[in-house]
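Below is one structure; the comments refer to it alone.
The values are calculated or read from the model by the stated rules, or taken from the named source; none is laboratory data. Bear in mind that the values here come from a model prediction, so they are computed numbers and not experimental data. All Cβ positions, glycine included, derive from the backbone under ideal geometry; neighbour counts span all protein chains shown. Please note that ligands, DNA and RNA were not included when accessible areas were found on the heavy atoms of the full protein model with its side chains. Shrake-Rupley method; radii C 1.70, N 1.55, O 1.52, S 1.80 Å.
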Amino acid sequence: VEASIPEPQRDAWKKFQAKPFVSKDDFEKEVVRHVETTLARSMFNCDETAAYAAASLAFRDRLITEWNRTQQRQTFADTKRVYYLSLEFLMGRALDNAMLNVGLKNIAKEGLSELGFRIEDIINQEHDAALGNGGLGRLAACFLDSMASLNFPAWGYGLRYKYGIFKQEIVDGYQVEVPDYWLDFNPWEFPRHDIVVDVQFYGGVRKYQDEAGKNVAVWEGGEIVKATAYDVPIPGFNTPTTNNMRLWSSKAASGEFDFQKFNSGDYESSVADQQRAETISAVLYPNDNLDRGKELRLKQQYFWVAASLYDIVRRFKKSKRAWSEFPDQIAIQLNDTHPTLAIVELQRILIDMEGLDWDEAWTIVTNTFGYTNHTVLPEALEKWSVPLFQNLLPRHLQIIYDINMFFLQSVERKFPGDRDMLGRVSIIEESQPKMVRMAFLAIVGSHKVNGVAELHSDLIKTTIFKDFVKIFGPDKFTNVTNGITPRRWLHQANPRLSELIASKTGGLGFLKDLNVLNELEKFADDKEFKKEWAEIKYANKVRLAKYIKSTTGVTVNPAALFDIQVKRIHEYKRQQLNIFGVIHRYLTIKAMTPEERKKLAPRVSIFGGKAAPGYWMAKTIIHLINNVGAVVNKDPDVGDLLKVIFLEDYNVSKAEIITPASDVSEHISTAGTEASGTSNMKFVLNGGLIIGTCDGANIEITREIGENNIFLFGNLAEDVEDLRHTHNYGSHTLDPDLVKVFDLIKSNAFGDAGAFGALTGSIEDHGDYYLVSDDFHSYIQTQTLVDEAYKNQEEWITKTILSVARMGFFSSDRCINEYAEMIWNVEPLPVGKESGLGKEE
Ligand code: 4GP
């Protein structure tokens, strides 16, 4: 308030208010200005990096102007806000997205061209913001885009990792991890050196009774780390709303050095303290669907949660409302269990700092939080050792024990004498050492819990959280099926398809209301339309073929069937099933007569994805894929009929090239293991068909697009448990075709078979937990159906058009509206027409 300019001087401010550019000339002026002043270069010294920097700064200025206005508008309106807490935001590139969302890409294209640059080259200068592992992080990014596009007052809160997900290199067929230092030049973030929060760790708790006889707990001692805010503007599509993603960076509290230590001659240790503090936000943990229980990870979680809650509470307190109104003003969504400590932290703030009663505080807390679960895999469910907790966050552990005690008392009242139940649902697992079960804490501290696709939301209710449904009733548990933003995943990744759709549906409105795609149904048999549709797919395949050539040296035929599986490498996602299928195809081709060969559709099998650095089996799968490629791609006997490609370092910007180029993509997880999947949606939206299991969102995709337009195979989720039991306690004979594949591997056809022993062994000798053999036959048969279907291009194209026409449901806008209505109870904040939006809608 003190920093506010007095009324008489405000006219001057209004007169000179920043105005976002809207014309080509103004854009060029801004670019030249940034080159010549901000970057201190000139036309004699401006390479593509500099042009990228200047163009980004021009757009950044524009975004930040709208960002400021949006924040003011939201503050004045004083309506309920959403805070999306996520340890991962897999944003990818920002420039292209910003240009498209504000509707000024054409202007930028012309402007850059007049200045001597091709816009594609400039876009390609940008380093991906890769602060995430896979689906969970990318979902958060899509949600930010949707929340801004729908004008929701919403902030994302995360960590500003110095190193995002590692860069993957393939060396001699093996994955090698290289650090991803992405902050060299990042025009999209604004450091807020004025927004710094002290975060406490370690120390102890002193308890006493005050004069009024009230129990007081004081958390004291330990160490302080400083959290500095970095803000990233999130532009909505075709709206002035520009929301905020706030990322925290860690620094030692003493500034650069501990001067006491420094002066007493202990220079090294004063620098070491600094480095220890900076370590907190140094690196993203590179695990997808896996929890490793490392102390530094818990430190990251608390650091981020404490800073974010401090910020949220500070903003709330400015409104001078009663605490009881907190949940009317604020909804906090927990993206998985990683931010679960926020529940405990808010309770601590309310009872220890603000002096509320336990019950009053707890009502506020539970009404504020919602928790989204993203996996049922047991190895991914977060647990923290009690001794570790005790040391790092002693007061929080006490509060967790109290939460658990009150919770178990309520369970006891509801199910008197059911001791087994108490043991099963306790937030504290009575193991050696004891463990804090974060998912249980998240459930108990939230008013809604949701899964991310129908099957998944049913599974959490019938398996891992079954008891909690009995305790809280079924209404606490709900489903919000995932979605993707059509802005990035159609308009940006596949501009020609977007343009074609726009030309048939009356403009770009479909990007804001994806159900408009329905209008494409009437073109499903339209000859002219189909021709254009197919040409676009072909052009996208040519683009990918060029990329494959330039990165792997392998020539692939764009007329071949492109079969793509890109996602994190994981046994449950079953890239091994895919590569065994490829080897089976190789064997089949080798045995074919020339006549038979002529009838087979040539195929390119494309893989991409990272393995967690410590996930040995996943790395073995990568190695096998690469070695199979090395053999098959050089086999003159096979030629164009089969090529096997592993694309290095799969990330968001590569996905934008890969996704529009599929004929089929593979989503073949063991039924019941993939919570939703989101790349399945991206591929179908871009006119590719799916080969998949009845898992995650594949099921709802099938329901929407029709079962004639998808290739489903494999065992159902309900049969998985029995099959596993049979493997372990009954007879387990392998599929004979799979045995042939294994025999070929064991003959050293793809290099030393010893390297793959653990992989084949996990199926032959160790119970085949992921049902590779059980599903193999059905998979191979279905691949044959794909081959057959692909021969009839007319029908194939019709299927892809119908599929796209029916994908409206999978927009992340629909998800956000569901969250807003069912979980957050927030409304969008409408914006007037006052903004300086671009002309391209
Ligand atoms: C992922 C799920 O594996 C994926 O099915 C889902 O689409 C995605 O979340 C978004 O909901 N889970 C994780 C994880 O990445 O680490 O649990």
Given Cβ point charges of +1 (Lys, Arg) and -1 (Asp, Glu) and nothing else, what value in debye, to the nearest 20, does the dipole of the range 11-55 about its Cα centre take? 260
Size of charge dipole - the range 492-810 - debye, nearest 20, with Cβ of Lys, Arg +1 and Asp, Glu -1, no other charges: 1260
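Label the chain by shape, choosing from rounded, prolate and oblate, from the square roots a ≥ b ≥ c of the eigenvalues of the Cα gyration tensor; if a/c is under 1.5 it is rounded, and otherwise prolate applies when a/b is larger than b/c, oblate when it is not.
Because a/c hits 1.5 or more and a/b fails to exceed b/c, the chain counts as oblate.
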Charge dipole of the chain built from unit charges on the beta carbon (Lys, Arg +1; Asp, Glu -1), centred at mean Cα; most positive-end Cα among 366, 464, 332 is 332
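Determine the per residue accessible area of the chain with all protein chains present and a 1.4 angstrom probe, expressed in square angstrom.
Result: 40 Å² of accessible area for each residue.
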Filter the GluC sites (Glu not before Pro) in the range 401-437 down to the DSSP loop ones having no more than 15 other Cβ atoms within 10 Å, then list what survives. 430
Once phi is turned into θ = phi - 60°, what whole-Hz ³J(HN,Hα) does the Karplus curve with 6.51, -1.76 and 1.60 give for every residue of the range 416-427, x standing for Gly and Pro? x, x, 8, 5, 4, 4, 4, x, 5, 9, 4, 5
Shape of the range 221-319 from its Cα gyration tensor (a ≥ b ≥ c, root eigenvalues): rounded if a/c is under 1.5, otherwise prolate when a/b > b/c, or oblate? prolate
Tell me whether the range 492-810 comes out rounded, prolate or oblate; compute the Cα gyration tensor, take square roots of the eigenvalues as a ≥ b ≥ c, and use a/c under 1.5 as the rounded threshold. prolate
Just the number, please: carbon plus sulfur as a percent of the accessible area of the range 1-117, 1.4 Å probe, no ligands or DNA/RNA counted. 56
Mind ranking 323, 304 by accessible surface for me, highest first, 1.4 Å probe? 323, 304
Pairs of lysine in the range 623-769 with Cα under 28 Å and at least 8 positions apart or on different chains: total? 9
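Kindly provide the helix-only [θ] at 222 nm of the chain, computed as the sum of -39,500 (n - 2.57) over DSSP H runs of four or more divided by all residues, to the nearest 500 deg cm²/dmol?
Here the helix-only value at 222 nm equals -13500 deg cm²/dmol.
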Select from 832, 701, 517 the residue farthest towards the positive end of the dipole of the chain; place +1 on Cβ of Lys and Arg, -1 on Cβ of Asp and Glu, and compute about the Cα centre. 832
Name the long-range amide H neighbours of residue 811: under 5 Å, sequence gap of 5 or more, or other chain; modelled H, no Pro or chain starts. 484
Could you tell me what percent of the accessible area of the range 492-810 is made up of carbon and sulfur, with a 1.4 Å probe and every protein chain present? 53
Mind listing which GluC sites (Glu not before Pro) in the range 169-222 are in a DSSP loop and have 16 or fewer other Cβ atoms within 10 Å? 211
Which whole-number percent gives the relative contact order of the range 492-810, counting Cα pairs below 8 Å spaced six or more residues apart? 23
Simple Cβ-charge dipole of the chain, Lys/Arg +1 and Asp/Glu -1, about Cα centre, in debye nearest 20: 1160
Which whole-number percent is the relative contact order of the chain (Cα, under 8 Å, 6+ apart)? 14
Part-to-part distance (alpha-carbon centres) for the range 98-132 and the range 170-186, which is given in Å: 24
The range 174-296 - percent of accessible surface contributed by carbon and sulfur, probe 1.4 Å: 50
